[in-house]
1. Please list, in order along region 140-145, the HN-Hα scalar couplings obtained from phi with the Karplus expression 6.51 cos²θ - 1.76 cosθ + 1.60 (θ = phi - 60°), rounded to whole Hz, x for Gly and Pro.
2. For residue 166 paired with residue 46, estimate the spin-label separation in nm (one decimal), with each label point 7 Å from Cα along the Cα-to-Cβ line.
3. Under the rule a/c < 1.5 gives rounded, and otherwise a/b versus b/c splits prolate from oblate, where does the chain land using the Cα gyration tensor?
4. Using a ≥ b ≥ c from the Cα gyration tensor of region 89-188 (square roots of the eigenvalues), is it rounded, prolate or oblate, where a/c under 1.5 gives rounded and otherwise the larger of a/b and b/c decides, a/b for prolate?
5. Could you provide, to the nearest whole Å², the per residue accessible area of the chain with probe 1.4 Å?
6. If you add up the charges near residue 88, with Lys and Arg at +1 and Asp and Glu at -1, over every other residue whose beta carbon is less than 14 angstrom from its beta carbon, what do you get?
7. Would region 13-62 count as rounded, prolate or oblate if I go by the C-alpha gyration tensor, calling it rounded below 1.5 in a/c and otherwise prolate when a/b exceeds b/c, oblate otherwise?
8. Whenever you get a sec, compute what percent of the accessible area on the chain sits on carbon and sulfur atoms (1.4 Å probe).
Amino acid sequence: MRIRRAVPDDAFSIATVYVRSWQGAYPGLIPQSYLDALTAEEQVGVWEDTLAASDWPHRGVIVLLGPTDDTDTYGPVTGFVSFSPTRDEDSDAAGVGEIATFYLDPSAFGSGGAGLLMSAALVALRGAHFSSAMLWVLGTNARARRFYERHGWRPDGTSKLHDWEAFVATDVRYVLDLASPSNTATST
């Protein structure tokens, strides 16, 4: 597996992973009809815009490329993480970074790729000189919450309703002190 910055040509691959990840991780947590209706074609424009707005080192997308049988090449995008200054009004955007999205293709679940992506995200957030970081996670997504907690993230007691138009869900905010030596994840 390999980590690299996303490039504009990755937009469709990222959209595909986004959809596959939702469809693999959220059954029973959000309406199945919503999951069934998701398509990469409808999501690709969002990712084209996100990639166009990259402003390293403060905002960007990192992709995980899967392994192949050829030791000299890497496979397709199997995961990604996007980060930026926080969008939360109760936090200082100059000092707080946000992991806006963190998704892995279901074929990569359990591969160690999520740990690699998290490590890369933390390096990027520190490189942007953020002193702390935050992210939002679906409150009922126990698997994701366990993953974040294993990597030092902690809920700060803040939650919000997220209106997806087709359904409403409760998101929980997690925070991480980037200056703490105990939060220097390198791999899992």
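The values are calculated or read from the model by the stated rules, or taken from the named source; none is laboratory data. Keep in mind the model is a prediction, meaning the values are calculated, not measured. No Cβ is skipped: glycine too gets one built from the backbone with ideal geometry, and neighbour counts run over all protein chains shown. For the accessible areas, the whole protein counts, side chains as well, though only heavy atoms, and no ligand, DNA or RNA atoms are used. Shrake-Rupley method; radii C 1.70, N 1.55, O 1.52, S 1.80 Å.
1. Listing the rounded values in order: 8, 8, 4, 4, 5, 4 Hz.
2. Calculated label separation equals 1.1 nm.
3. Values: a/c = 1.37, a/b = 1.06, b/c = 1.30.
Rounded, because the longest to shortest axis ratio a/c is under 1.5.
4. Details: a/c = 1.84, a/b = 1.12, b/c = 1.65.
Here region 89-188 falls in the oblate category.
5. On the way: 9420 Å² over 188 residues.
On a per-residue basis, the chain sits at 50 Å².
6. On the way: positive: 87, 160, 173; negative: 89, 90, 92, 98, 156, 171.
Taking every Cβ under 14 Å from that of residue 88, the sum is -3.
7. Working: a/c = 3.22, a/b = 2.15, b/c = 1.50.
Cα axes put region 13-62 in the prolate bin.
8. Details: 4820 of 9420 Å².
It is 51 percent, rounded to a whole number.
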